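Chemist: Sharing a structure below in structure tokens format, with a few things to ask.
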Amino acid sequence: MAPGDAPKASEWGSLDAIASYVRSCTRCTLSESRTLAVPGEGSQFPSIMFIGEGPGFNEDQQGRPFVGRAGALLEELLALVPLRREDVYITNVVKCRPPENRDPSPDEVKACWPFLEAQIRLLQPRVIATLGRHSLMRLFPDARISDRHGTIMKWRDGIIVFPLYHPAAGLRSTRLKEALQEDFVKLPQAVIAALDSSRGASQTSGENDDSLDELDGGDDPQISLF
Ligand code: SF4
């Protein structure tokens, strides 16, 4: 596949193949100013996939998502669930840093969408937790983060979307940090909603659903849910 071709989500066989392509991608002008592209990282079988907006300075230097101060806050918030970053998958809407941390342009978001779409297809997370306005708007163009944060939304193929403020916003505002803390402790509810959604779908189709019974049963909801 030539660098400028538009790869289709169904053509990717693995996360490594996506990451390899992204690291040398030139599909948009962000490739000209990046140091390192940031494909994403984390569990290969995540219940929750976090999608931020784009890499910042530290991420661009290291080629890893959420490694600066916002990343430290994300890890602090994950511990409230409790989860560790290796329990989830973390990526961004655009995989290369916009200069001066400006918002990614619609053209850049569109150019990078096939990679994110392919990651979602391969990972099949129960819940997509969007971090920030751009991430939410990629999935729900008309949604407002101030209205929808901490609520459960249904995206295509029954995937549950749980909008969250971006951790960087939490670093700038105590009010938004408190909102992030309140929303993160509700993440298990989003996973339960996803389990209920898939149970409903399989019962409708008449499937035997013992696997879901195992997942949401037991005395320790944290272990069974994640
Ligand atoms: S932002 Fe996405 S589309 Fe643009 S160069 Fe980077 S990987 Fe390619």
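The values are calculated or read from the model by the stated rules, or taken from the named source; none is laboratory data. Because the structure is a prediction, the values reported are computed rather than measured. Neighbour counts run over all protein chains shown; Cβ positions are idealised from the backbone, glycine included.
Chemist: Please enumerate the residues belonging to segment 61-82 that are crowded, with 17+ Cβ neighbours inside 10 Å and either farther than 29 Å from GLU178 by Cβ or within 10 Å of the ligand (Cβ to nearest atom) (or both).
Modeler: Result: GLY63, single match.
Chemist: Out of (1) of a type in the set (Gly, Ala, Ser); (2) touching a Leu at 6+ places or on another chain (Cβ under 9 Å); (3) closer than 20 Å to ILE90 by Cα, the odd one out for ALA143 is which?
Modeler: With (1) of a type in the set (Gly, Ala, Ser); (2) touching a Leu at 6+ places or on another chain (Cβ under 9 Å); (3) closer than 20 Å to ILE90 by Cα applied to ALA143, the lone miss is (3).
Chemist: Within segment 29-65, how many residues are farther than 25 Å from PRO163 by Cβ and either part of a loop (DSSP other than H, G, I, E, B) or at pLDDT below 95 (or both)?
Modeler: Here the count works out to 6.
Chemist: Mind listing whichever residues of segment 175-187 are assigned to a helix (DSSP H, G or I) and of a type in the set (A, V, I, L, M)? Give the derivation first.
Modeler: Kept after step one, since they are assigned to a helix (DSSP H, G or I), are these residues of segment 175-187: 175-184, 187.
Passing the criteria: LEU176, ALA179, LEU180, LEU187.
Chemist: Just need a number here: residues in segment 24-59 that are among the acidic types (Asp, Glu) and surrounded by fewer than 20 Cβ atoms within 10 Å (Cβ to Cβ).
Modeler: Summing the residues that are among the acidic types (Asp, Glu) and surrounded by fewer than 20 Cβ atoms within 10 Å (Cβ to Cβ) in segment 24-59 gives 2.
Chemist: Now for a different question. Quick one: count up the residues across segment 45-58 that are in contact with a strand residue (DSSP E or B) (Cβ under 8 Å, 6 or more places away or on another chain) and within 15 Å of the ligand (Cβ to nearest atom).
Modeler: Looking only at segment 45-58, we keep the residues that are in contact with a strand residue (DSSP E or B) (Cβ under 8 Å, 6 or more places away or on another chain), and these are 46-55.
Next cut, within 15 Å of the ligand (Cβ to nearest atom) only: 51-55.
Within segment 45-58, residues that are in contact with a strand residue (DSSP E or B) (Cβ under 8 Å, 6 or more places away or on another chain) and within 15 Å of the ligand (Cβ to nearest atom) number 5.
Chemist: Go through segment 21-44 residue by residue and tally those that are more than 9 Å from the ligand (Cβ to nearest atom) and either within 19 Å of the chain's Cα centre (by Cα) or touching a residue at least 60 places away in the same chain (Cβ under 8 Å) (or both).
Modeler: Within segment 21-44, residues that are more than 9 Å from the ligand (Cβ to nearest atom) and either within 19 Å of the chain's Cα centre (by Cα) or touching a residue at least 60 places away in the same chain (Cβ under 8 Å) (or both) number 7.
Chemist: Any residue in segment 100-127 that is touching a residue at least 12 places away in the same chain (Cβ under 8 Å) and under 17 Å from ILE90 (Cβ atoms) sitting within a Cβ distance under 8 Å of a residue that is exposed (fewer than 14 other Cβ atoms within 10 Å of the Cβ) and of a type in the set (Phe, Trp, Tyr)? List the pairs, counting only those 6 or more apart or interchain.
Modeler: LEU123/PHE45
Chemist: Looking at ILE128, is it in contact with a Lys or Arg (Cβ under 6 Å, 6 or more places away or on another chain), under 28 Å from LEU195 (Cα atoms) and β-branched (Val, Ile, Thr)?
Modeler: When the stated conditions are applied, ILE128 does not pass them.
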